[in-house]
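Undergrad: Before I ask anything, here is the structure I am working with.
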Amino acid sequence: MIETVIGFIVNMQHHRSYRDLLVGLIPKEDLSRLPRSFDIIGEVAIIQLPEQLLKVSKYIGEAILKIHKNVKCVYAKVGTIKGKFRLPHLLHIAGEQIELTTHKEYGLSFLVDVKRCYFSPRLANEHRRIALLAKDGEYVIDMFSGVGPFAIHIASVRKALVYAIDINPYAYRCLIKNIRLNKRKLKGAVVPICSDSRVVAEYLRGIANRVIMNFPDDPYSFLEHALLFLNDEGVIHVYSFENEPDPIALSLSKIRSKLTSLGWDIIDVLYSRIVKEVSPKRRYIVLDLYVKRKR
Ligand SMILES: C[S@@+](CC[C@H](N)C(=O)[O-])C[C@H]1O[C@@H](n2cnc3c(N)ncnc32)[C@H](O)[C@@H]1O
């Protein structure tokens, strides 16, 4: 009986959240505004805070450091992710000032410049899912590679050649280091390119079997260039933000009308899913499509 009680207490301590540490420390109305979750990238925690909580952000940061012993630095993310580099606005609220950190995902290492590069640890399963769909011998284009998670996951499980393109020079720098960091784990190869993927499409016409389009703000205006990479047919993975009630149908109809106008057909919808919620009505979705040029 005593052992059971001790076990229960240990368990309770184990599952304590940073929110529990803030009870009695910050006003009650602020407690109810605290986010349930936050991201951890390597040694850095990033928590989205509404403006009203910034006055107590130091307590929030300290509470996170206390609960998560592997976290050494906490940033508050204020407002939404912005601009073509998809960067958050980060305020340092606790711990050391760390900008470069190494994140582990499925045994792979990713150096991330958290202030200057996009990276979401919530996409780990998505990076892996796409990697497992690729086949040995494939030529893959990652049109918006960031620090390289899709490209490096693919090359780690398949003898594929992946062109990883990003317009952000800081992301490109991390990408190069990440290829080196993981080189012993790669079966395939990753070619890093720092450029606008629309420009690269002109040079790599018709070479790819598979194109990854992880630019959810506006994938539709890049479809024309994604098709340039393909040679008459292939698979495209299109990520987008769309609103409820039917975000997948909405995205599919936008893609279909764009493809039709370009002389291509969707032969098969291989897979679709809601990857995550971005706000109460907005969803981050993915569609895997087998597409073919019309005869
Ligand atoms: C949502 S992030 C995706 C990052 C990566 N795929 C991942 O899963 O972590 C979108 C990326 O697209 C890049 N980007 C935006 N416009 C671009 C363009 N025209 N050509 C190439 N990359 C671009 C941004 O710099 C950013 O790194």
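Undergrad: Does the range 16-35 contain any residue that is within 24 Å of the chain's Cα centre (by Cα), on the phi > 0 side of the Ramachandran plot and modelled with pLDDT of 95 or more?
TA: Taking every residue of the range 16-35 in turn, none turns out to be within 24 Å of the chain's Cα centre (by Cα), on the phi > 0 side of the Ramachandran plot and modelled with pLDDT of 95 or more.
Undergrad: If Leu228 passes every condition in (1) within 21 Å of the chain's Cα centre (by Cα); (2) open to solvent by 20 Å² or more (accessible area, probe 1.4 Å); (3) within 16 Å of the ligand (Cβ to nearest atom) but one, which one does it miss?
TA: The number of the failed condition is (1).
Undergrad: Only one of (1) within 29 Å of Arg184 (Cβ to Cβ); (2) within 16 Å of the ligand (Cβ to nearest atom); (3) in contact with a His (Cβ under 8 Å, 6 or more places away or on another chain); (4) not assigned by TED's automatic domain parsing to the domain that holds Arg273 fails for Lys77. Which number is that?
TA: Lys77 satisfies every listed condition except (1).
Undergrad: Being within 12 Å of the ligand (Cβ to nearest atom) and not in a helix (DSSP H, G or I) is the requirement here; does His237 meet it?
TA: It is true that His237 is within 12 Å of the ligand (Cβ to nearest atom) and not in a helix (DSSP H, G or I).
Undergrad: Using beta carbons and a limit of 7 Å, which pairs, at least six apart or on different chains, have the first residue in the range 198-215 and farther than 16 Å from Leu161 by Cβ and the second one among the small types (Gly, Ala, Ser)?
TA: Note: pairs meeting the criteria are Met213/Ala226.
Undergrad: Return the residues of the range 18-46 that are of a type in the set (Gly, Ala, Ser) and part of a loop (DSSP other than H, G, I, E, B); say none if nothing qualifies.
TA: Hits for the range 18-46 are Gly24, Ser32, Ser37, Gly42.
For every residue, the table says whether it meets (1) within 16 Å of the ligand (Cβ to nearest atom); (2) within 16 Å of Pro216 (Cα to Cα); (3) open to solvent by 20 Å² or more (accessible area, probe 1.4 Å).
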position: Arg86; (1), (2), (3): yes, yes, yes
position: Gly95; (1), (2), (3): no, no, yes
position: Gly107; (1), (2), (3): no, no, yes
position: Val112; (1), (2), (3): yes, no, no
position: Lys115; (1), (2), (3): yes, no, yes
position: Tyr139; (1), (2), (3): no, no, yes
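To keep it simple, each residue is scored yes or no on (1) of a type in the set (S, T, N, Q); (2) open to solvent by less than 20 Å² (accessible area, probe 1.4 Å); (3) out of contact with any Asp or Glu (no Cβ under 8 Å at 6 or more places or on another chain).
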{"residue": "Gln48", "(1), (2), (3)": "yes, no, yes"}
{"residue": "Gln52", "(1), (2), (3)": "yes, no, no"}
{"residue": "Leu91", "(1), (2), (3)": "no, no, yes"}
{"residue": "Asn125", "(1), (2), (3)": "yes, no, yes"}
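The values are calculated or read from the model by the stated rules, or taken from the named source; none is laboratory data. Because the structure is predicted, anything quoted here is derived from the model rather than measured. Counting neighbours? That spans all protein chains shown, and the Cβs are built from the backbone with ideal geometry, glycine included. Keep in mind that these areas ignore ligands, DNA and RNA; they rest on the heavy atoms of the full protein, side chains included. Shrake-Rupley method; radii C 1.70, N 1.55, O 1.52, S 1.80 Å.
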